[in-house]
Amino acid sequence: MNSRTRIITVANQKGGVGKTTTAINLATALAAIGERVSIMDLDPQGNASTGLGVERQERLVSSYDVLTGRANVAQASMQTAVPGLSIVPSTLDLLGIEMEISGAPDRVLKLRKALRDDESSNGLYSYVLIDCPPSLNLLTLNAMAAADSVLVPLQCEFFALEGLSQLLETVEQIRGSINPSLEIQGIVLTMFDRRNNLANQVVADVRSYMGDTVYETIIPRNVRVSEAPSYGKPAILYDLKCSGSQAYLQLASEVIRRERRLRAA
Ligand SMILES: Nc1ncnc2c1ncn2[C@@H]1O[C@H](COP(=O)(O)OP(=O)(O)OP(=O)(O)O)[C@@H](O)[C@H]1O
Ligand SMILES: [Mg+2]
């Protein structure tokens, strides 16, 4: 993978905040505007793979194989129904990874090495989005070590900010040790319900605490977005016009603008 590929890790150790939904729909939106995108499903739950219509029995080569050096990205990639979007699916093999590599001195660098040394995918992708599990475990650390930037979904609920400082500290540690150029791409507020006063308060709090790091785009709570994965489709394919799809298209243009800025810096 050459330096022109931007690797964005979607991470938050809290469960159910919209990481996978964001990875799938942001990737689809980027592909829709002509980027060549790969999703790396690094969660043993495999929701990104399922949500993009890749059945378990089809996952012959997986992110586990990439992480452990058994396959390169080109070998592990599967084309999705979205033109320009492929996925490296996950399998339950990932559950064993902590045990398997925890003794290795380069245990946090496995994915970084696999991606950076991988010439098979040179020029194939402009973006790689990594979908992380809800944990700051070795998989998430590998994703942060491999990435150019981290994108953090925050659900608009009372405890939204809980855990954020721990996440940001982890990013700092990775930056201070193995990946000095790691940036925060941004924080995206998800599942916003404007009829809920509390949600409005959460938006105001997160903006005052995190400032410009927070994207202007807010992803609304939208039933079409939650239905789409059961059809094995991104929301943007399932219902382009729904408010959730439109918000993810808008988020993609903000992400691209920020990437240009980060690249120039
Ligand atoms: N904008 C939205 N509107 C409605 N439902 C949503 C929205 N975003 C996500 N959801 C639903 O919320 C649930 C959690 O979302 P998602 O799986 O993306 O979170 P996650 O952070 O990846 O979860 P995990 O931590 O388990 O990996 C899913 O059922 C998803 O369909
Ligand atoms: Mg997920």
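The values are calculated or read from the model by the stated rules, or taken from the named source; none is laboratory data. As the structure is a prediction and not an experimental result, all values here were calculated from the model. Don't worry about glycine lacking a Cβ; one is built from the backbone with ideal geometry, like all the others, and counts go over all protein chains shown. We work out accessible area using only protein heavy atoms, side chains counted, and drop any ligands, DNA or RNA first. Shrake-Rupley method; radii C 1.70, N 1.55, O 1.52, S 1.80 Å.
Taking every protein chain into account, the 1.4 Å probe leaves residue 208 with about 100 Å² of accessible area, to the nearest ten. Extension gain for residue 230 to residue 57 (0.36 nm times residue separation, less C-alpha to C-alpha distance): 60.6 nm. The order of 99, 78 by accessible area, most exposed first and with a 1.4 Å probe, is 99, 78. Across the chain, the longest run free of exposed loop sites, meaning GluC sites (Glu not before Pro) lying outside DSSP classes H, G, I, E and B with no more than 15 other Cβ atoms within 10 Å, spans 56-161. Calculate the length of the line joining the C-alpha centroid of the range 103-177 to that of the range 1-62, in whole Å. Between the Cα centre of the range 103-177 and that of the range 1-62, the gap is 13 Å.
For the range 198-217 versus the range 238-265, the spacing of their alpha-carbon centroids is 18 Å.
Applying the Karplus relation 6.51 cos²θ - 1.76 cosθ + 1.60 with θ = phi - 60° to the range 91-96 yields 3J(HN,Hα) values of 10, 5, 3, 4, 4, x Hz, where x marks Gly and Pro. A convex hull fitted to the Cα coordinates of the range 6-264 yields 115 cubic angstrom per residue. Placing +1 on the Cβ of every Lys and Arg and -1 on the Cβ of every Asp and Glu, with no other charges, gives the range 6-264 a dipole of roughly 520 debye about its Cα centre. Estimated at the nearest 10 Å², the accessible area of residue 174 is 10 Å² with a 1.4 Å probe. Loop-located chymotrypsin sites (Phe, Trp or Tyr not before Pro) across the range 81-162 with a Cβ neighbour count of 15 or fewer within 10 Å are 158, 159, with loop assigned by DSSP. Subtracting the Cα-Cα distance of residue 213 and residue 116 from 0.36 nm times their residue separation leaves 32.2 nm of extension gain.
Please identify the longest segment of the chain free of exposed trypsin sites (Lys or Arg not before Pro), where exposed means a DSSP state other than H, G, I, E or B and no more than 11 other Cβ atoms within 10 Å.
Here the longest run is 5-194.
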